[in-house]
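Here, each number is a calculation from the coordinates, and none is a lab measurement. Given the structure is predicted, the values throughout are model-derived calculations rather than measurements. Because the Cβ atoms are built from the backbone with ideal geometry, glycine has one as well, and the counts that use them run over all protein chains shown.
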Amino acid sequence: MKPRSVVILGSTGSIGRSCLDVIRQNPGSFAVRALAAHSNVELLIEQYREFRPEYVCIVDATKAKALAQALASEKVRILVGDSDLVSLAGLPDVDLVVNAIVGAAGLKASLEAVSHQKGLALANKESLVVGGPIFRPMIEQGKATILPIDSEHSAIWQSLLSGKRSEVRDIILTASGGPFRELALERFGAITVEQALAHPTWKMGPKISIDSATMVNKGLEIIEAVTLFSISASKIKVVIHPQSIVHSMVEFQDSSVIAQLSRPDMRLPITYALFWPDRVRSDFGRMDWADVQKLTFEPPDLAKFPLLRLAREVAETGGDIPAVYNAANEIAVEAFLNRQVGFTDIYRVVAETVAQTLPTAEPTVADILAADSEARVKARKSLETVRC
Ligand SMILES: NC(=O)c1ccc[n+]([C@@H]2O[C@H](COP(=O)([O-])OP(=O)(O)OC[C@H]3O[C@@H](n4cnc5c(N)ncnc54)[C@H](OP(=O)(O)O)[C@@H]3O)[C@@H](O)[C@H]2O)c1
């Protein structure tokens with residue numbers, strides 16, 4: 001069989017590296033056509049030397065010279081900047097685009113991939129959160145092939161194969177609960193960056209780690225599922241499952257619940273997406289059943305994690321409001337990671353920004369991008385009041 005031709009956007013991140021590991025472990029199955037990163041030029045060069053793509057792209061122009069110098073003797077095309085990165089998602093003769101970029105910065109590449117009828121292996125959940133009003137009709141009309149990499153959505157996707165869409169009663173999204181599941185609310189004010197980054201079950205990039213600590217990640221996943229599976233937010237339940245073994249479930253009308261289980265290892269959902277519609281033999285995440293002590297489930301504490309409740313309201317409002325929620329969160333998380341504000345300020349900034357915005361019901365891409373920019377301005381203003 002001809003190897004699948006793959007573009008990997010965000011190749012230097014946690015998902016990008018796991019994706020390359022899956023490709024490494026399956027020699028002959030994939031040809032890496034292009035790799036793209038934001039600024040980690042050293043790792044991008046290393047990845048080029050191993051996978052020999054035709055294109056490498058760096059978004060941060062200040063790193064372009066270093067990239068060009070290091071690869072001067074190589075037959076590779078070097079691209080620089082946002083729009084060059086987006087163009088890679090539409091390259092001819094590419095089968096699959098992996099979008100492993102973090103944040104709303106991934107939206108344009110997802111739109112480009114889908115508009116060129118590429119298979120889109122999507123880790124960048126923000127694309128579906130921000131671009132929901134654009135992607136949902138395309139998915140419903142069969143005009144977009146989106147293969148979710150997020151472990152929960154991969155689990156739902158796999159579980160949905162057990163019945164018809166009309167037979168689905170509820171989707172049950174599992175959540176580890178993050179590092180503060182057992183911490184008393186009174187102690188949330190003193191949470192440090194290091195504590196928030198220390199996820200109990202998954203090793204991930206910094207932004208999604210903080211999103212897991214605030215449970216914004218689960219909120220974004222509700223909105224992602226609404227778009228991806230064309231289902232109303234009221235049919236998506238969240239349950240805390242600290243062991244991260246059951247990756248999500250679907251309950252059908254007859255009360256049967258179908259789940260997908262594995263040890264937490266993102267290389268398993270990546271393998272499923274990259275080889276879809278086939279399943280291949282692989283040991284990533286393989287269970288050792290003698291080791292499973294117990295699987296527990298409990299409801300989320302919405303007093304401790306108010307942004308999860310807000311995400312549900314935002315999902316129900318729809319339009320450009322999910323883009324506002326996401327943009328404000330990106331700004332607040334960045335400020336927290338830079339130690340400019342405290343952990344609980346993230347909630348304040350996001351809630352204030354959402355409250356200050358009137359929704360646009362059926363936004364265009366331009367409306368969404370404008371809502372995203374305006375929300376960032378409002379969130380920064382809100383941060384100023386926190387800092388004073
Ligand atoms: N990590 C996980 O286990 C996991 C699980 C489920 C879903 N996800 C989702 O997958 C996405 C990636 O997460 P991650 O944990 O892999 O993040 P990460 O480790 O921070 O990696 C992000 C990647 O995106 C690149 N990047 C950052 N800003 C960019 C920009 N403005 N334009 C283009 N590229 C940019 C980074 O390049 P540099 O390295 O050069 O900065 C890096 O390659 C997120 O949407 C996350 O929610 C992640």
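Annotation for region 37-65 versus region 238-301: alpha-carbon center distance of 34 Å.
What do you get for chymotrypsin sites (Phe, Trp or Tyr not before Pro) in region 294-364 restricted to DSSP loop and a cutoff of at most 14 other Cβ within 10 Å of the site's Cβ? Walk me through the intermediate numbers first.
Working: sites: F297, Y325, F336, F343, Y347; in loops: F297, F343.
Those that pass, being in a loop and sparsely packed, are F297.
In order along region 209-214, phi translates into HN-Hα couplings of 5, 5, 4, 6, 5, 8 Hz, rounded to whole numbers, per the Karplus curve 6.51 cos²θ - 1.76 cosθ + 1.60 with θ = phi - 60° and x for Gly and Pro. Length, then width, then depth: along the principal axes, the Cα atoms of region 211-341 run 44, 39, 31 Å.
What is the fewest-to-most order of V238, V80, V377 by other Cβ atoms lying within 10 Å of their Cβ? Can you show the working numbers first?
Working: V238 24, V80 19, V377 12.
Ranking V238, V80, V377 by Cβ neighbours within 10 Å, fewest first, gives V377, V80, V238.
Averaging Cα coordinates gives a centre for region 72-136 and one for region 344-383; these two points are 24 Å apart.
May I ask for the Kirkwood hydrodynamic radius of the chain, worked out over all distinct Cα pairs and given in angstroms to one decimal?
Numbers: mean 1/r = 0.0468 Å⁻¹.
Final number for the Kirkwood radius of the chain is 21.4 Å.
Among V168, V250, V98, the residue with the largest mean-square fluctuation in a Gaussian network model of the chain, with springs joining Cα atoms closer than 10 Å, is V168. The GNM of the chain, with springs linking C-alpha atoms under 10 angstrom apart, assigns the highest mean-square fluctuation among S255, S232, S212 to S255. Exceeding 25 Å between C-alpha atoms, which entries from my cross-link table qualify? They are K164/K294; K108/K237; K63/K218; K108/K143; K218/K304; K237/K304. Table pairs above 25 Å Cα-Cα are K164/K294; K108/K237; K63/K218.
Exposure proxy shown here: for I321, I101, the number of other Cβ atoms within 10 Å sets the order, fewest to most, as I321, I101. Kirkwood analysis of region 319-388, using all unique Cα-Cα pairs, places the hydrodynamic radius at 11.8 Å. Evaluated with a Cβ-only charge set (Lys, Arg +1; Asp, Glu -1), the chain carries a dipole of roughly 520 debye about its Cα centre, given to the nearest 20. Each Cα pair under 8 Å and six or more residues apart adds its sequence gap; the mean of these over the residue count of the chain is a relative contact order of 15 percent. How big is the Kirkwood radius of region 4-148, worked out from every pair of different alpha carbons and given in Å to one decimal? Across region 4-148, the inverse of the average 1/r is 15.1 Å.
For region 162-241, would you read off the P(r) tail past 21 Å as a percentage of all alpha carbon pairs? Tail of the P(r) past 21 Å holds 38 percent of the pairs.
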